[in-house]
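Worksheet: the structure to be examined is printed underneath.
The values are calculated or read from the model by the stated rules, or taken from the named source; none is laboratory data. What you see is a predicted model, and the numbers here were worked out from it, not measured in a lab. Here the Cβ is made from the backbone with ideal geometry for all residues, glycine too, and neighbour counts use every protein chain on show.
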Amino acid sequence: MRRFILLVVLCGEARFLMAACTASGEAWPWNRFLHSVCFNSAVHKNVFLSPDKAKRIEVEEGKGFSLIVNGRTMAWPNYGKYVVLPIEFSWSPNSDAFFVNDGEGSGMNSVLHVFRLQDSGVGEEPNFNKLVAAAFRKDVGCSATAADPIVRGIGWSKDGAQILAFAQATVSNSCGTQGTFRGVILNLKTGSIERLDSEADARRVLHVLLPYNMR
């Protein structure tokens with residue numbers, strides 16, 4: 001219970017440190033890669049402009065996600081029909097891919113979805129979330145009945161070929177000790193995990209991108 005209260009306090013502190021909700025989402029002061037989708041009485045749509053300025057993701061309250069490339073709305077089947085917050089978003093440096101952290105409505109979980117732009121629309125990459133969860137479970141050595149860890153993208157390599165992420169044991173029915181985490185580097189070209197780092201190595205490699213309480 002004490003650990004749960006601490007986690008809630010830390011999550012609240014992180015939220016307090018977030019910037020104000022704007023039409024371009026809610027920026028993360030310590031992480032330039034991430035923006036949270038946000039709505040309030042004045043903001044009902046977020047627009048995330050790609051680094052090359054030619055593309056944008058629009059997230060509209062009650063309507064979901066859409067991708068516009070050079071003024072044309074692209075096909076995005078079976079995703080973004082509705083929006084349940086919290087959701088975090090990040091474009092790749094090359095503007096050819098992006099990821100979404102889906103908090104599944106609670107904020108106590110996170111599921112990573114990775115998308116790549118195709119000629120006529122958007123395609124979801126291999127199930128990185130499943131790959132990372134399996135690698136975490138094996139590394140930690142938890143029972144089959146324990147909950148999968150949360151998986152959260154937090155950044156990109158300079159060339160956009162890798163996604164930087166972490167996996168962390170959940171509060172309830174955790175895989176390993178609550179709060180245990182591993183750093184992860186995902187390779188988009190091979191659709192595989194390039195590195196799975198211990199907590200110590202993750203703090204060193206991912207340091208400034210991690211939430212404050214994980215550094």
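For the reader, a short list of remarks on this structure follows.
- Options L164, L117; residue that is surrounded by 18 or more Cβ atoms within 10 Å (Cβ to Cβ), touching a helix residue (DSSP H, G or I) at 6+ places or on another chain (Cβ under 9 Å) and either among the aliphatic types (A, V, I, L, M) or over 26 Å from W30 (Cβ atoms) (or both): L164
- Residue list for region 55-78, restricted to those being farther than 18 Å from A23 by Cα and surrounded by fewer than 15 Cβ atoms within 10 Å (Cβ to Cβ): N70, G71, R72, T73, A75, P77, N78
- Residue in region 97-122 that is nearest to L34 (Cα to Cα), counting only those that are modelled with pLDDT under 90 and outside any loop (DSSP other than H, G, I, E, B): V122
- Of all the residues in region 71-109, those that are within 25 Å of A54 (Cβ to Cβ) and of a type in the set (D, E) number 2.
- Sole exception among (1) part of a strand (DSSP E or B); (2) farther than 16 Å from V100 by Cα; (3) of a type in the set (A, V, I, L, M, F, W, C); (4) touching a Phe, Trp or Tyr at 6+ places or on another chain (Cβ under 6 Å) for V171, by number: (1)
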